[in-house]
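Working notes, beginning with the structure itself.
The values are calculated or read from the model by the stated rules, or taken from the named source; none is laboratory data. Just so you know, these numbers come straight off a predicted model, no measurement behind them. Here the Cβ positions follow ideal geometry from the backbone for every residue, glycine too, while neighbour counts run over all protein chains shown. We work out accessible area using only protein heavy atoms, side chains counted, and drop any ligands, DNA or RNA first. Shrake-Rupley method; radii C 1.70, N 1.55, O 1.52, S 1.80 Å.
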Amino acid sequence: MDIPRSVKIRDVIKGEVADPVNVVFEIPLEEVKAVLQRDGWVEGVFEHRAELEGREPIYTAARDVVWIFVRFHIRLWPHGGVYLGNVHLDVTEALGHVGEHNVGRTYVAGLYALAGYCVEVVQLGPTEKFDGAAVKVFKCGKEERREV
C-alpha cells in the first residue's frame, strides 16, 4: 500500500509546514475513538488547518496534559481501508507551539497496547525532518493484516 509520509499543516504563525504520518490504524474508527475517549481525549479542539492529499481529517481530538499549555493531539484520515494519522505532543512556546511527534507516537503505541491491541513499528520512509517510523495498531491474531 502506498502511504503518504506527511500531512500539510497551515500554521497561523509558521505558514505551511509538514507533519509526519506516524500512526496507522487497522481497526474500525469507532474503536480508535473509544480508546482515546477512555483516556480523556476530547473532540472539537483548536487546531491549525491540516490536509492529507488535499483532504481534511475526518477525526481530530486532544488530551490536555498541563491544562492548555501541553497536550496530545491527533488527526486521522481514511486511506485504502486503514486510518492514517499524525499524533504529537503540543508544547506551547512564546509564538505558537512545538510538536513532539516521537512522544505522541510512543504514547499512542502504549495506550493501544494497554487496551489489548497489537502494536508494531513500521517504516514509511524518512522525510526531511522526521525518521519515517509509524506505529501500526491492529487486532491481535487477525489473519488478514495489511502490509504497510
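Accessible surface computed residue by residue for region 1-130, with neighbouring protein chains in place and a 1.4 Å probe, gives 51 Å² per residue. Could you look at the chain and say what percent of its accessible area is carbon and sulfur, using a 1.4 Å probe and all protein chains? Of all accessible area on the chain, carbon and sulfur atoms account for 53 percent. Helix 29-38 and the longest principal axis of the Cα set of the chain meet at an angle near 60°.
Considering only alpha-carbon pairs that sit under 8 angstrom and 6 or more positions apart, the relative contact order computed for region 1-93 is 28 percent. Taken along the Cα-to-beta-carbon direction at a fixed 7 Å, the label points for THR92 and GLU53 span 3.6 nm.
Based on DSSP loop calls and a cut-off of at most 13 other Cβ atoms within 10 Å, the longest stretch of the chain free of exposed GluC sites (Glu not before Pro) is what?
The segment 54-127 is the longest one with no such site.
For the chain, the C-alpha radius of gyration divided by 2.2 N^0.38 Å, with N the number of residues, is 0.99. Only lysine pairs 8 or more places apart or on separate chains count here, and in the chain those with Cα atoms under 16 Å apart total 4. Label-to-label distance for ALA133 and VAL17 is 2.1 nm, based on points extended 7 Å past Cα in the beta-carbon direction.
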